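The values are calculated or read from the model by the stated rules, or taken from the named source; none is laboratory data. Just so we're clear, the structure is a prediction, and the values are computed from it rather than from any experiment. Using ideal geometry, Cβ is built from the backbone for each residue, glycine included, and neighbour counts are taken over all protein chains shown.
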Amino acid sequence: TAMADLADAAGVSRGAVYGHCKNKIEVCLAMCDRAFGQIEVPDENARVPALDILLRAGMGFLRQCCEPGSVQRVLEILYLKCERSDENEPLLRRRELLEKQGQRFGLRQIRRAVERGELPARLDVELASIYLQSLWDGICGTLAWTERLRDDPWNRAERMFRAGLDSLRSSPYLLLADA
């Protein structure tokens, strides 16, 4: 159960978690806040190309999500063990908020890259952001749930992510239609 996972992650018994907190959702939300507070976000205003910031952010978050640690454990609970129910609604909203924050970060960096001429002016930035997030989700799933990248996983994951960033420059399918 989610509470057993939370207790294990905290290094205490499940009974201790229940005994200390009246509301298990509050415990889960506190663990989310603690784990998500550890997520490192590169400086968006750094004087480096926006695509480099996207690469650093994507790879950094990928490592935090796929390597053992509190972020990985909390995400596993939110995505694999949290049922869609009224009781879990606050957790589902927290998960959605994390996804939206990532999406907005990606949109800002893609827009910045377009403004700086790193990406085509006709790029459909919303579709490009969804594409990049979907690619990232796929790489994350591959790292977490399969053995496909077992040989040199981080180098290969970065190469795939770089290929996705490169496709933002060159894919005609990510461009807005001619006006």
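Here are a few things to note about the model shown:
- LEU6 outside any loop (DSSP other than H, G, I, E, B) and modelled with pLDDT under 75: yes
- The residue that is nearest to ASP33 (Cα to Cα), among those in region 100-119 that are without any contact (Cβ under 8 Å) to a residue 12 or more places away in the chain and either assigned to a helix (DSSP H, G or I) or within 17 Å of the chain's Cα centre (by Cα) (or both), is GLN101.
- The set of residues from region 122-179 being touching a residue at least 40 places away in the same chain (Cβ under 8 Å), within 15 Å of CYS65 (Cβ to Cβ) and touching a Phe, Trp or Tyr at 6+ places or on another chain (Cβ under 8 Å) comprises TRP136, ILE139, PHE161.
- Within the option set VAL125, VAL114, being within 23 Å of TYR173 (Cβ to Cβ), crowded, with 17+ Cβ neighbours inside 10 Å and in contact with a strand residue (DSSP E or B) (Cβ under 6 Å, 6 or more places away or on another chain) holds for one residue only, VAL114.
- Selection from region 47-62 of residues that are surrounded by 15 or more Cβ atoms within 10 Å (Cβ to Cβ) and either farther than 25 Å from VAL125 by Cα or of a type in the set (Gly, Ala, Ser) (or both): ALA50, ALA57, GLY58
- Scope region 133-179; condition over 20 Å from LEU51 (Cα atoms) and surrounded by 15 or more Cβ atoms within 10 Å (Cβ to Cβ); matching residues: THR142, LEU143, ALA144, LEU149, PRO153
- Subset of region 54-97 that is within 23 Å of TRP154 (Cα to Cα) and aliphatic (A, V, I, L, M) - its residue that is nearest to the chain's Cα centre (by Cα): LEU62
- Filter result for ARG34 (out of contact with any strand residue (DSSP E or B) (no Cβ under 7 Å at 6 or more places or on another chain) and either closer than 19 Å to LEU165 by Cα or part of a helix (DSSP H, G or I) (or both)): yes
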